[in-house]
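K.L.:
Here's a structure for you.
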Amino acid sequence: MGIVKGLNAINKAMDKPTNTSDGQKGRWLALKDNQSVKIRFLQEIDPDSANYNQKAGLGFIAIEHTNPKDYRRKALCTIEDQGQCYGCEQYRRDPKSGWKGRPRFYVNVLVEDGAEDPYVAIFSQGTGPKSATPEISQYATETGSITNLVWKLKRTGEKTDTNYSIIPLPTADVKPIDFDKYELFDLEKTAVRDVSYAEQEAFYAGITSDASPESSTSSSVEW
């Protein structure tokens, strides 16, 4: 399906990127230039974490292909589970075409933006050096958890000049997460789109109406 779970597997996917879901609509974490927010990760990225909550599930890396001419047409790489993948075929024909499968990190977060009450949103970023993903993965590797503290996330720049920075904040006043208070998004149904191989050409060409779940807030930039 193109989804990678577990810290070891996620680190490998970040280092070496591998070559239709009806779903509910999700709320996506979207920041403007120079905007910063506080976030609390509601899911761990490894089941061996001491703070892993089975009810909450895991954040994950998804390997996705995007039509380079229409970033809204993004779907999971299916080469491993279906044995065929339209995006992989296009990449093999022309490695410079922009069809290369790319890893993207998805996880539920609790957002405090100072404008409204804390709310659950989907955190979605690439794994490149302009993203916050490497810092998150490194912190999880060193400490074993990402849900046990509050983080400050900031965006600087726009479009291809966008950078994200993230820093952990002091943990003295952090309380356990009350999962009965918040409803998390089912990421495999909401955040990513799984298209069968038989339908992929039509999907990427825009013949079908369904676009990427994140199309309203995403871009082709892999920060």
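K.L.:
Identify all residues within the stretch 99-127 that are in contact with a His (Cβ under 6 Å, 6 or more places away or on another chain) and closer than 16 Å to W151 by Cβ; write none if there are none.
P.N.:
none
K.L.:
Restricting the search to the stretch 116-175, which residues are open to solvent by 80 Å² or more (accessible area, probe 1.4 Å) and farther than 25 Å from G101 by Cα?
P.N.:
Answer for the stretch 116-175, where residues must be open to solvent by 80 Å² or more (accessible area, probe 1.4 Å) and farther than 25 Å from G101 by Cα: E116, D117, E142, K152, I167, P170, A172, D173, K175.
K.L.:
Tell me yes or no: at least one residue of the stretch 62-84 is β-branched (V, I, T) and within 26 Å of D33 (Cα to Cα).
P.N.:
Initially, the stretch 62-84 is screened for residues β-branched (V, I, T), giving 63, 66, 78-79.
In the following step, the residues that additionally are within 26 Å of D33 (Cα to Cα) were identified as 66.
Checking the stretch 62-84: at least one residue is β-branched (V, I, T) and within 26 Å of D33 (Cα to Cα).
K.L.:
Hey, another quick one. Return yes when G87 is in a helix (DSSP H, G or I), modelled with pLDDT of 95 or more and not acidic (D, E) and no when it is not. Before you say what the answer is, go through the steps one by one.
P.N.:
On the way: in a helix (DSSP H, G or I): yes; modelled with pLDDT of 95 or more: yes; not acidic (D, E): yes.
Yes.
K.L.:
Follow-up question, since we're still on this one. Could you check, for the stretch 181-204, whether at least one of its residues is modelled with pLDDT of 95 or more, surrounded by fewer than 15 Cβ atoms within 10 Å (Cβ to Cβ), under 27 Å from G128 (Cβ atoms) and under 15 Å from the mean Cα position of the chain (by Cα)?
P.N.:
Taking every residue of the stretch 181-204 in turn, at least one turns out to be modelled with pLDDT of 95 or more, surrounded by fewer than 15 Cβ atoms within 10 Å (Cβ to Cβ), under 27 Å from G128 (Cβ atoms) and under 15 Å from the mean Cα position of the chain (by Cα).
K.L.:
Next question, about the same structure. Can you name the residue in the stretch 104-121 that is touching an Asp or Glu at 6+ places or on another chain (Cβ under 8 Å) and of a type outside the set (D, E, K, R) and, of all such residues, is farthest from P68 (Cα to Cα)? Step through it out loud before you land on a result.
P.N.:
Pass one, the stretch 104-121, residues touching an Asp or Glu at 6+ places or on another chain (Cβ under 8 Å): 104, 118, 120.
Now restrict to residues that are of a type outside the set (D, E, K, R): 118, 120.
Values: P118: 35, V120: 30 Å.
Per the criteria, the residue is P118.
K.L.:
Being β-branched (V, I, T) and in a strand (DSSP E or B) is the filter here; which residues of the stretch 110-129 pass it?
P.N.:
So the first thing to find is which residues in the stretch 110-129 are β-branched (V, I, T), and the list is 111, 120, 122, 127.
Within the stretch 110-129, V111, V120, I122 qualify.
The values are calculated or read from the model by the stated rules, or taken from the named source; none is laboratory data. As the structure is a prediction and not an experimental result, all values here were calculated from the model. Every residue, glycine as well, gets a Cβ built from its backbone with ideal geometry; the counts of neighbours run over all protein chains shown. For accessibility, only protein heavy atoms count, side chains too; no ligands or nucleic acids. Shrake-Rupley method; radii C 1.70, N 1.55, O 1.52, S 1.80 Å.
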